Each structure stands twice: as structure tokens, then as C-alpha cells.
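Okay, so here's the structure we're looking at.
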Amino acid sequence: MDFDLSDEQRLLKDSAERLIAERYSFENRKKYLAEPDGWSRALWAQYAELGLLGLPFPESLGGFGGGAAETMIVMEAFGRGLILEPYFATVVLGGGLIRHLASPAQQQEWVPLIAAGKLRLAFAHLERQSRWNLADVGTAARQDGAFWVLNGAKGVVLHGEAADSLLVTARVSGARTARDGIGLFLVDASAPGVTRRGYPTQDGLRAAEIAFDGARAEAVLGAPGGALPGIEWAVDEAIAALCAEAVGAMAAMQELTLDYLKTRKQFGRAIGSFQALQHRAVDMLTAVEQARSMALFATVMAAEPDATERSRAISAAKAQIGRAGKQVGQEAIQLHGGIGMTMEYQVGHHFKRVTMIDQMFGDADSHLARLAELGGLFR
């Protein structure tokens, strides 16, 4: 298999990395954090101009026509920059749900708006009792004439505060944890019956607690009670993208640590000259490269139509990258000493983001258990 980037992919990589280098220095990021939304609307418009918001959508709908590999390239660059904008929530996760579940007419209506930066999405799925089980849905949807009405509550909705529309999982039939009977609904975030409470997360991003009290859905995506397989596929693709973002953040931590070892002096010499610290730096690099290999594997397998094979690959990658992120982050903090723990220094923020990624859609231990239930990676 050829893993070399095509000419178009190299141009995309150069463009994304140049954008991060020019616009997303650590000092600029602090300014974006201080903006009213907690991220930069000007940069969001620039993402649209560069075609990044249309990246995974077909050209016929105004998109870039990219796939999982192109998403991986951009997400790794964004991981290095610790971007704050709702790119993952809207384009990767929301876009994946639309690609897998929306009708052609719905895609024709929504995708151009996403690509133009005029529609921001958030996936409202997590509930107090559900943990990482996508099938555990207590929010109820009932049909009222031609409309669906939702009642329930969702938590930790990534960028839910800034979303124009919410993609909400709700149960139309069956027991709370049954795989059948789950629908996916598009709800106007400012509709009557929708209440949002936003807050910052540990990594500087934003999330929201959202309640639905008789909120009317604008549309239903796919079969009202058969949305779970499409949701799981979109989430698997999103996990692959998160793996790539984590690799970008880990690579940045490794590089920052190496630079620090070369400049920090103790006993009249750079601490990087001490063999014990050199060994630890090499261990960091090894962990990053192993994580990169698994992120690439997840990217390749994200389009696998066999749900079991895809789940094996995604869980293996998530488990490996979760553990590698912990190792790299802890080493980075240790080798930086006290400065690594301060809010004023960049490396700690990368570690926070990697830690949050590990918790999204299941941590390393949960995915290792899932992989074991599936019989391991290779059978």
C-alpha cells in the first residue's frame, strides 16, 4: 500500500501548516480565547475561504471532495496549533453524520452552508447515565403530526453554545439501551423549548449542557428508529480524526521538550547533554511515531464498511494513542520541570488537549476492553 501523499494532499498539508504557523502562535491563541465566543470568527471565515470547511464533502455540493486522509492532514496540523474553533464539531463530526444519514435533498441544503461557514453544528448525544455508550439514549422523541417533538437533556455538547443547529439523538421506541429505536434529529439551537448553558472545558474549548422541553425538530436524518449504525460510523471516522489531532499535539510536545533540553542549562551545560534525559527524549519520539502509525491505520480503516473490522481498528488506535499521549505528556511536563505546569507555557496546554481527546468517545482502557470483546485486532 502506498502511503505517500499525492500532490494535492501535499498542497493541503502545506496550506494547513502555513495557516497555523502564521495565525496560531501561542500568544494569538490567548487572544482568541479572550474573544466573546472563546474562538476567532475571523479565522472561521478564513477556514471557509481556504476550503477547509468543505473538506470532507463532495465537490458537487460545494465541498473539497476530500476523504479521511485529507481530514487526517488538517487535524494533525490543527493539533499542533491547539485550535479553538468548532471545526471538529461542525465539519468532522457534524459533517460525518450528515454524509451518512442525511437525504440527498438535506445534504444539498445544508452542506453548502457548512462549507461557507454559515452553519455551525454540534452533536448532542451524551447523557448523565450513558457514559460512552451511543445506544444509551433516554431523551425521547414523539411524533406530533408532521413534526417530531423532543424531551430530555444532553451534556458536554462540544461547541453546543455556539452551534446554529443541533444534531440530537433521541429514542422513538424501545428500552433505554436498545440498539433499535434511535433517531437523529436536527434542532434549531434557538428554537422554543431549547435551553443551553455554556462553559469552558479543561483544554480551553467550549461545551454546553442542553435541555429539550417540547422542542420541535426541523428534520429527521435517516430512518427515525434506525440511525445508530450511521451514527457509529460517523463517530468512528471522528475518532480517527481525533487520533490525528492527538498526534499533532504530541509531536508539538516532543519538539518543545527537545528545544528546552537544548537551551536549559544546569551545572554549566545544557541538560540535553545528560544521557538519561536523552534516553527519555528518545522514548517520547518513539511513542509519537507509534501513535502516528496507529492514527494512519485508523484513517485507512475509517472507510471500512464492515462495522466489526472498522471497530477493531478504531479501538486499537484509540487505545494506543491514549496511552502514548499520557506517556508523552507526562515526560514533557517532567523534563520541563516547574515551567511545564504553568498556564503561561504551551506544553501543558497540549497535554490538557491530549488528555481530553483520550476521554472523548471512550478512553484507552474502554477501547482496549472493546477490542478484547471483539476478539482482538487480528483474528
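The values are calculated or read from the model by the stated rules, or taken from the named source; none is laboratory data. Predicted model only: the values in this text are computed from it and were never measured. When we count neighbours, we look across all protein chains shown, and the Cβ atoms used for this are built from the backbone with ideal geometry, even at glycine.
Here is a yes/no grid of residues against (1) under 30 Å from His100 (Cβ atoms); (2) out of contact with any His (no Cβ under 9 Å at 6 or more places or on another chain):
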site: Leu258; (1), (2): no, yes
site: Arg264; (1), (2): no, no
site: Phe267; (1), (2): no, yes
site: Phe274; (1), (2): no, yes
site: Gln278; (1), (2): no, yes
site: Ala291; (1), (2): yes, yes
site: Pro305; (1), (2): yes, yes
site: Ile314; (1), (2): yes, no
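Looking at the structure I just gave you, is Ser60 polar (S, T, N, Q), over 17 Å from the mean Cα position of the chain (by Cα) and under 26 Å from Ala295 (Cα atoms)?
When the stated conditions are applied, Ser60 does not pass them.
For residues that are charged (D, E, K, R) and either in contact with a Gly (Cβ under 6 Å, 6 or more places away or on another chain) or more than 19 Å from Ala241 (Cα to Cα) (or both), tally how many sit in the range 277-305.
Of the residues in the range 277-305, 2 are charged (D, E, K, R) and either in contact with a Gly (Cβ under 6 Å, 6 or more places away or on another chain) or more than 19 Å from Ala241 (Cα to Cα) (or both).
For the range 204-256, name all the residues that are acidic (Asp, Glu) and either touching a helix residue (DSSP H, G or I) at 6+ places or on another chain (Cβ under 8 Å) or over 30 Å from Ala140 (Cα atoms) (or both).
First, pick out the residues of the range 204-256 that are acidic (Asp, Glu): 209, 213, 218, 232, 236-237, 245, 255.
Passing the criteria: Glu232, Asp236, Glu237, Glu245, Glu255.
Against the definition (in contact (Cβ under 8 Å) with a residue 24 or more places away in the chain and assigned by TED's automatic domain parsing to the domain that holds Ala364), how does Thr201 come out, yes or no?
Values: in contact (Cβ under 8 Å) with a residue 24 or more places away in the chain: yes; assigned by TED's automatic domain parsing to the domain that holds Ala364: no.
Judged against the criteria, Thr201 is not a match.
With respect to Arg80, determine if the residue is in contact with a Phe, Trp or Tyr (Cβ under 9 Å, 6 or more places away or on another chain), under 26 Å from Met294 (Cβ atoms) and of a type in the set (Lys, Arg).
yes
Consider only pairs whose beta carbons are under 7 Å apart and that are at least six residues apart or on different chains; among these, list those whose first residue lies in the range 347-360 and is assigned by TED's automatic domain parsing to the domain that holds Lys318 and whose second residue is charged (D, E, K, R) and not in a helix (DSSP H, G or I).
Close Cβ pairs satisfying both conditions: Lys352/Asp203; Arg353/Asp203; Met356/Asp203.
Output the residues belonging to the range 26-40 that are surrounded by 19 or more Cβ atoms within 10 Å (Cβ to Cβ) and either of a type outside the set (Gly, Ala, Ser) or in the same structural domain as His350 (by TED's automatic domain parsing) (or both).
Arg29, Tyr32, Trp39
Just the residues that are assigned to a helix (DSSP H, G or I), free of Cβ contacts under 8 Å to residues at least 60 places away in the same chain and surrounded by fewer than 21 Cβ atoms within 10 Å (Cβ to Cβ), please, taken from the range 295-319.
Listed by number, the residues that qualify are Phe297, Glu309.
Across the range 210-223, which residue is nearest to the chain's Cα centre (by Cα) among those that are buried (at least 19 other Cβ atoms within 10 Å of the Cβ) and outside any strand (DSSP E or B)?
Among residues in the range 210-223 that are buried (at least 19 other Cβ atoms within 10 Å of the Cβ) and outside any strand (DSSP E or B), the one nearest to the chain's Cα centre (by Cα) is Gly222.
Determine which member of the set Leu43, Leu61 is surrounded by fewer than 22 Cβ atoms within 10 Å (Cβ to Cβ), assigned by TED's automatic domain parsing to the domain that holds Glu17 and modelled with pLDDT under 95. Steps first, answer last, please.
On the way: Leu43 fails: modelled with pLDDT under 95.
Exactly one of Leu43, Leu61 is surrounded by fewer than 22 Cβ atoms within 10 Å (Cβ to Cβ), assigned by TED's automatic domain parsing to the domain that holds Glu17 and modelled with pLDDT under 95, namely Leu61.
What pairs can you find where one residue is in the range 32-47 and within 20 Å of Leu121 (Cβ to Cβ), the other is assigned to a helix (DSSP H, G or I) and hydrophobic (A, V, I, L, M, F, W, C), and their Cβ atoms are less than 7 Å apart, with a gap of 6+ or different chains?
So the pair list comes out as Tyr47/Leu53.
Are there any pairs, at least 6 apart or on different chains, whose C-beta atoms fall under 9 Å, with the first in the range 141-160 and of a type in the set (Lys, Arg) and the second modelled with pLDDT under 95, and if so, which?
Cβ pairs passing all conditions: none.
Looking for something charged (D, E, K, R), under 16 Å from the mean Cα position of the chain (by Cα), in the same structural domain as Gly325 (by TED's automatic domain parsing) and in a helix (DSSP H, G or I) - is there at least one such residue anywhere in the range 265-280?
No - not one qualifying residue is present in the range 265-280.
Results for (1) over 21 Å from Glu209 (Cα atoms); (2) surrounded by 23 or more Cβ atoms within 10 Å (Cβ to Cβ); (3) touching a helix residue (DSSP H, G or I) at 6+ places or on another chain (Cβ under 9 Å), shown as yes or no for each residue.
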residue	(1), (2), (3)
Gln106	yes, no, yes
Ala146	yes, no, no
Leu150	no, yes, no
Ala163	no, yes, yes
Gly174	yes, no, no
Ala178	yes, no, no
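Within the range 182-189, does at least one residue satisfy the condition of being more than 16 Å from Ala124 (Cα to Cα), of a type outside the set (Phe, Trp, Tyr) and surrounded by fewer than 23 Cβ atoms within 10 Å (Cβ to Cβ)?
So far as the range 182-189 goes, no, none of its residues is more than 16 Å from Ala124 (Cα to Cα), of a type outside the set (Phe, Trp, Tyr) and surrounded by fewer than 23 Cβ atoms within 10 Å (Cβ to Cβ).
Sort through Phe351, Phe361 and tell me the only one that's in a helix (DSSP H, G or I) and among the aromatic types (Phe, Trp, Tyr).
After ruling out the rest, the residue left standing is Phe351.
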